1. Using only DSSP helix segments of four residues or longer, with each worth -39500 (n - 2.57), what per-residue ellipticity at 222 nm results for chain B after dividing by its residue count and rounding to 500?
2. Using amide H atoms built in the peptide plane, which far-off residues or other-chain residues are under 5 Å from A:Ile333 H to H?
3. Among the aspartates and glutamates, select those whose C-alpha is under 12 Å from the C-alpha of A:Lys86, and discard any that sit fewer than 8 residues away in the same chain.
4. Hey, what did chain A get for relative contact order, percent, Cα under 8 Å, at least 6 apart?
5. Run the numbers on region B:41-86: which residues show a drop of 10 Å² or more in accessible area, chain on its own versus all protein chains together, using a 1.4 Å probe over heavy atoms?
6. Just want the answer: with Cβ charges of +1 for Lys and Arg and -1 for Asp and Glu, which residue in A:Val47, A:Ile124, A:Met377 is farthest toward the dipole's positive end in the protein assembly as shown?
7. Suppose every K and R has +1 on its Cβ and every D and E has -1 on its Cβ; what is the size of the dipole of the protein assembly as shown about the Cα centre, in Debye to the nearest 20?
8. Just the number, please: buried accessible area between B and A, total of both chains, 1.4 angstrom probe, nearest 100 square angstrom.
Amino acid sequence: MNTQTQKVSGLDVAAIRQEFPILSEQVNGKPLVYLDNAATSQKPQCVIDTINHYYAAQNSNVHRGVHYLSQLATREYEGARDIIKKFLNAASDKEIIFTKGTTDAINLVAMSYGRKFIKEGDEIIISAMEHHANIVPWQMLCEQTGAVLRVIPMNDDGELLMEEYEKLLSPKTKIVAVAYVSNSLGTINPVHRIIELAHAQDVPVLIDGAQSAPHLKVDVRELDCDFYAFSGHKVCGPTGIGVLYGKQQWLEQMPPVQGGGDMIKVVTFEKTTYNDLPYKLEAGTPHIEGGIGLGRAIQYLESIGLDKIAAYEHELLEYATEVIGGIKGVRLIGTANQKASVLSFVIDDIHPHDIGTILDQEGIAVRAGHHCAQPVMKRFGVPATARASFAFYNTKEEIDALATALQKVIEVFG
Amino acid sequence: MADLNELYQQVILDHNKKPRNFKALETPSITQEGHNPLCGDHITLQLEMDGDVVKDVGFQGSGCAISKASSSMMTAAVKGKTKAEIEAIADEFIKMVRGEIDPETESNHLGRLKIFAGVKDFPARVKCAALSWRTVQAAVEGSPDAVSTE
Ligand SMILES: Cc1ncc(COP(=O)(O)O)c(C=O)c1O
């Protein structure tokens, strides 16, 4: 372990690594070097134990039974909602909607807010660096309503052109939806300014927080976003669970997109009265152990401290930028001034898929492909990139291992 | 265990660097597209037929070393062959990279293409090797749609 690293950020990374059982696995006979954290994070023992314990001792349906287990499961599940509310500093539990993930959360807003407030000729603004999850739902809405999609362009470093954004904002704009952190470039977008400018014209803003939630402390009231979406599996929690935060004033006005159990108060064949928030937007038996596991994951991250995590990951990024960016033939894709710990790169004349395979043989997991951001690949004129993305449990030694393996890639293709 | 040297053999690396028949044809009889959506590999294959026989062949596109070398060697292998012969090679090639046949004992048509046998130990790369063969299959079968390996 690099002692200097520990001193600067105050993280005991060796101890943290002990909490993630998967990090002691071997891959292809080599110790696993997991650098695909932007795709999904690994899970600490406490989250695994919480999920186990739920099924071993607490399993029951929620919001339904008078019996002991049902009340216990409900308390745990709603307790998780409260943890998330505090994590985001939302004003109320009513503003925390459980979803399947970021994709599901954005789709919910597009379908519900969209159906109610967006009509032909209206405009929706997204950015050039969005994940497909923050493009396609809006395109589908445009197809259904006749609204128009507008895209904030970016420069060659992967930074949004704010003057262009200002020009796009108009009385026709009905919503702005942008990522806080780009998954393919690592850019941290100036979301405060984006929100301020939109609000000056009374336009609500959805922030795709899939990549910011694991790295940056977000206070939704300070940020003043109208919606914030993130996925459990990227913050050390389980898959299949995520969160849509929405300001209550918006959520109250939004119609449910799914009907069923849990989201109703009274049902007759003539008329149904919908339940209150947040249940109005959560039809059916939820992902109970997912919610509870996510609550535990957030407690875990907070016990380490998001600020410390951000500082340490920034060190890793700077180190990797120097070491990997310094390799002859390597070109970094995404060189914004403000970046989270994502390093996308290409190597002259070597396809990212081949890089990925050779690294895999060395036990190193990176992502090779278009990262669900094909327009970004097109913007930079590459078919795909290799991407290393770092979490607080990664080390400089792992970045050295990546550098050594990349030298090997270059040798093979020499 | 999977062996990298089996995958990235010198011949494969050479074809990746200097692909054969990497060109557009002036008067193609058949043009067929193929995609591998997962990794973005893309091939445009053109065949100039003389009756049932491939008189000339060219491909363009972008992809990883495995898909490019496979395309290059595929074009070399199909030139001068009939549609039926091509179908037979394609069938064996795809079975080989999936590990469904042992090329040493169970193939009659593969010849030099056997160097792709190592791909079977890299499941994530089977689609890359198979793309050009799936594309030529569709071309000779007269498929109207672009090939997608998904
Ligand atoms: C920026 C961004 N938005 C949205 C998503 C979609 O998240 P999920 O697949 O968990 O719904 C991702 C995940 O890859 C992402 O990185």
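1. Calculated mean residue ellipticity at 222 nm is -12000 deg cm²/dmol.
2. A:Ser344, A:Phe345, A:Val346
3. A:Glu95, A:Asp219, A:Glu302
4. Once normalised by length, the contact order is 23 percent.
5. Residues passing the criterion (a loss of at least 10 Å², heavy atoms only) are B:Ser62, B:Gly63, B:Cys64, B:Ala65.
6. The Cα lying farthest towards the positive end belongs to A:Ile124.
7. Working: 54 positive and 72 negative charges, 87 e Å.
Dipole about the Cα centre, nearest 20: 420 debye.
8. Approximately 1300 Å², summed over both chains.
The values are calculated or read from the model by the stated rules, or taken from the named source; none is laboratory data. Just so it is clear, the structure is predicted and the values come from calculations on it, not from any experiment. Every residue, glycine among them, receives a Cβ derived from its backbone with ideal geometry; neighbour counts consider all protein chains shown. To get the accessible areas, we keep the full protein, side chains included, count just its heavy atoms, and leave off ligands, DNA and RNA. Shrake-Rupley method; radii C 1.70, N 1.55, O 1.52, S 1.80 Å.
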